[in-house]
Amino acid sequence: MIWGYTYDNLEFLIPWALLTLLCLYLYRSKGGKLLLILPAGLAAAVAVLKVWLHTRDVQDGVGPFFLLTLALLHLVIGMVLDARATSFASKASGLIGLVLHGFAYFTDNPFVFALFWVLSLLPMLTAFRGGHAHARLVFFGHHLVALAALLGALAVIQRVAPGFSDMRAVGTLPHVAETRWAAFLLVFACLVRQAMFPFHLWFKAAYKTRPFPLSIGFYVGNLGFILFIKLALPLLTLEARDLFPYAMACGVLSALYFANMALVQTRLRSVVFNVMLAQYATLYCGLETMTEFGRTGALFQFLTVGCCFTGLLSCLYLIEWEVGEVRTGRFHGLQAANPQLSLVFLLFSLAGMALPATMGFAGEDMIFHAVIERHPVVGIGLIVAAAINGIALFRVVCFLFRGTRDDVLDPTIDLSWWQKAALGVILAAMFLFGLFPSWLLQQVHTYV
Amino acid sequence: MSDHQIFAAALLFPLGWLALYALLLIGQVRVRESFPVAGLKLVVGALVATYGWLALRGEALAVSLPRWLWIPWVYEFPLELRFTPALGTAALAMLLIVAVLVRYSETYLHKEAGFHRFFFLFSVFMGAFPLVVFADNIDVLFIGWELIGVTSVLLIGFYEHRPKAAVHSWWAITTYRFCDVGLLAGAAIAHYAAHTSNISILNRPADLILQHPEHAGWVGGLAFFIFFASLGKAAQLPFTSWIARAMEGPTPSSALYYGALSVGLGPILLLKFQPLLLHFAWMQVLIIFVGASSALYAYLVCKTRSDAKGILAYSAVFEVSFMVMEVGLGLYDWVIFHFVAHAFLRVLQFLRSMNAIHDFYENPLFFRGAPHHPSPWVVRLLPPAMQRRLYHRAMNGFGLDWFWLNVVVRPWMDGLSQLNRLENWLALGERWREHAPITEDEA
């Protein structure tokens, strides 16, 4: 082990990082959109192999799932957006951010993790447009607080267990009052990083003022979520079981809040982002149930939400690229000229609503059952949030694709072969594993 | 091949057809209009033969399909179904109606832009309906229930160029999702309180309470949530007003969903849980009260409608409300008979509705002359001023839409909008425009 990495993982991570830099250099000098897709494609392929081959012996933990989701996101964004995404700096930030997140996923050393927690923020510096000093302040203010909480927690852990450097050995920490404080600080850091209510303002500041593929990439990086799984959750289980109901309350409150807020957004991208936040809040509740099927459902749903919102946001970005920012003021009637895009968007929305026969149904079903067995009222709250999410997503579909088309304002958005392939593969996976979820669920379960 | 296997195989016919049709459409294969018609007829024929055979055998069958969602020793989602001759007969009636509608739609939607979309959604309905009728497990029932809801909403918005269709489909999905909370919460509570979602077991509430006395209160909650879930699809009070809006879709889908089958799923759901519901006297009273008040409401509103489909929609609600009352009175077979008879009559009326004007003036079988709609005798007993007021109130649907929009939705949305503005101010430093005084320049 070096810095919490196994040799297996380093053998993949270092060449991947070098390949990414090389691709960026070549893209800068010669162009070629394939170069932007290659690093994410490699990461996705490795993650799939790791999930498939059950590489539990090398103690990957849940890293491959996170890598898979994030890599798929980058891959689809790279393919769907067809190299249209703003400046080179923004593209480079996205890919470097992916690599930095990848390094964070696979380390078991909390200090190395904290280092990548900070480093992954840096590419975001390049992306704030001018004139949004307030948004920048909110963004970095939140992340400074989260970082302070993380470092504070690590300091407390060092105090009670000097030399602690392996997150897998969290069970060996002494049972003292300070450990409880560490758990509390870690949960706080996770909630801020994951933009849970009431610490979500940074995310709003981010997606409204920057190119949103980058924002979503950063968010779906989920370092808060992985910290929660690797360190905060075991520590809570060990020292502060009585805090679980409060943490779960935070999850359900966030889910209900974001689901409701999605209904009043006037920008359609804000609706989708709010629904996404509500879905991620549901995952926290699943993890906190402390049951095997609750956690399995949460991880399964993590993949689902990642894939589904990758598709939705890619389509939305594509539309906004052509049409400009879409709002709820009128029905855009894009269906007439873009039937394929309309169908794809509708299917992703249905998957986001957890329609039976999509991946979302299986994961949500398990989470609901797990939560309701612990706290029935919280479970009903999650069900209400899910219902409202469905309404909000359908509203987006209606505003985008229904109504009469304005020929002058709404052009036809031609999907290239690449774009169709990227969206088609994700859709096929969502429906295939929705119709036959057992195999994938059993794979996910081995990581719980 | 045993009866169990035949029954299980019958459930796969529509799914197999659906998969084939979906693949052809996704592959952008040029499919003739006659293809989905023939395919659906084939599926209907196969199902009629199967259910007819099983109904004639007169035996109840319980089938548990292979583990669909399963993690060994950790979690299992059993696909449990139960065939009874009574439900089989209802399903046969449904299939006959579908066959008629398929034939009708072939001509009605000929060369229409959404021809294949319509038939695809019809096929999804075909796959989902048996799941609801024969489900012996709330989770399975929910799958069928949700799929029918989604197809219904997509068919309301079938004419995509009409903004009204979008608004009405949004109204319908809001009602559906709101009421579906009941079914999902019911499923979850069943797992919590009884550690099962099998309907046959849940229908023995006395045993459940004996086995799990600590969860006795939740069994009552389960009954309430099931009843709540049925209100949306059955368009019972206070969720009645969406049904008139649902008439925006093509006539065959209105006939299938809101004349015959989808709207009847509410009573079917109640029927499936009848022993559980009737175990609680308060629930029985509630069911009868909601059914009776919905019937009265639908009757009065129906009398004031001037559009044929609107009249038929409220007539359907009137009949469905009676079915709900029959469930509350414990009349099991009556409900099924009523469901089947009503479905046939209403489909006929819906399909004839487009010829109403022609029939009125040209068809000798119809009454000719000035339209005459006498008020019901109870209403005629009232003073004329009150009769007029009642008429106006009924014309406005007794303010049900107003109630939902102005008492429930608008205050809630206003509150959320304020919160959103606060968020924008905090996150982005955006000015609170709505509250800022308008300057001369801006004016």
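Only the coordinates and a few stated rules stand behind these numbers; no lab work does. What you see is a predicted model, and the numbers here were worked out from it, not measured in a lab. With ideal geometry, Cβ positions are generated from the backbone for all residues, glycine too; neighbour counts draw on all protein chains shown.
In table form, for the structure just shown:
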| quantity | calculated |
| --- | --- |
| Hydrodynamic radius (Kirkwood) for segment B:44-143, which is based on Cα pairs only, to one decimal in Å | 15.3 |
| Segment A:367-448 - Debye-derived log10 I(q)/I(0), Cα point model, q = 0.14 Å⁻¹ | -0.86 |
| Chain A: equivalent-ellipsoid semi-axes (sqrt of 5 x gyration tensor eigenvalues, Cα, Å) | 33, 25, 21 |
| Dipole magnitude (debye, nearest 20) for chain A, charges at Cβ of Lys, Arg, Asp, Glu | 960 |
| Spacing of the two label points (7 Å from each Cα toward its C-beta) at A:Thr412 and B:Ala341, in nm | 5.6 |
| Label point distance in nm, A:Leu10-B:Asn396, each placed 7 Å from Cα along Cα→Cβ | 7.7 |
| In nm, spacing of pseudo-spin labels at A:Ile2 and B:Glu33 (7 Å Cα→C-beta vector) | 7.0 |
| Proxy reagent accessibility, fewest Cβ within 10 Å first, across A:Glu364, B:Glu80, B:Glu423 | B:Glu423, B:Glu80, A:Glu364 |
| Averaged over B:175-185, number of beta-carbon atoms from partner chains that fall within 10 Å | 5 |
| Trypsin sites (Lys or Arg not before Pro) within segment B:72-121: DSSP coil, no more than 15 neighbouring Cβ in 10 Å | B:Lys111 |
| Candidates A:Asn338, A:Asn222, A:Asn274, ranked by Gaussian network fluctuation over chain A, Cα under 10 Å, top entry | A:Asn338 |
| Cross-link pairs A:Lys208/B:Lys164; A:Lys33/A:Lys204; B:Lys164/B:Lys233; B:Lys41/B:Lys309 - those with Cα-Cα distance over 23 Å | A:Lys208/B:Lys164; A:Lys33/A:Lys204; B:Lys41/B:Lys309 |
| FRET efficiency, A:Gln340 to B:Ala60 (Cβ-Cβ, R0 56 Å, nearest 0.05) | 0.75 |
| Neighbourhood charge, 12 Å Cβ-Cβ cut-off, centred on A:Val252 and excluding it, Lys, Arg +1 and Asp, Glu -1 | 0 |
| In segment A:84-188, trypsin sites (Lys or Arg not before Pro) in a DSSP loop with at most 16 other beta-carbon atoms within 10 Å | A:Arg84, A:Arg129 |
| Summed residue charge, Cβ within 11 Å of B:Phe115's Cβ, Lys/Arg positive, Asp/Glu negative | 0 |
| Quotient of Cα Rg and 2.2 N^0.38 Å for the protein assembly as shown, N being how many residues it contains | 0.98 |
| Enclosed volume per residue, in Å³, of the convex hull spanned by Cα atoms of segment B:3-358 | 137 |
| Gyration tensor verdict on segment A:242-448 (Cα atoms; rounded if a/c is under 1.5, prolate if a/b is larger than b/c, oblate otherwise) | oblate |
| Residue-count net charge about B:Cys302 - beta-carbon cut-off 12 Å; Lys, Arg +1, Asp, Glu -1 | +1 |
| Rounded D (µm²/s) - segment A:252-359, Kirkwood Rh over Cα pairs, Stokes-Einstein at 4 °C, 1.567 mPa s | 87 |
| Cut-off 13 Å (backbone N to label point 7 Å along Cα→Cβ of A:Ala169), residues of segment A:129-159 | A:158 |
| Cα-based reach from A:Lys50 at 15 Å (exclusive), listing aspartates and glutamates while leaving out same-chain residues under 8 positions away | A:Asp8, A:Glu11, A:Asp60 |
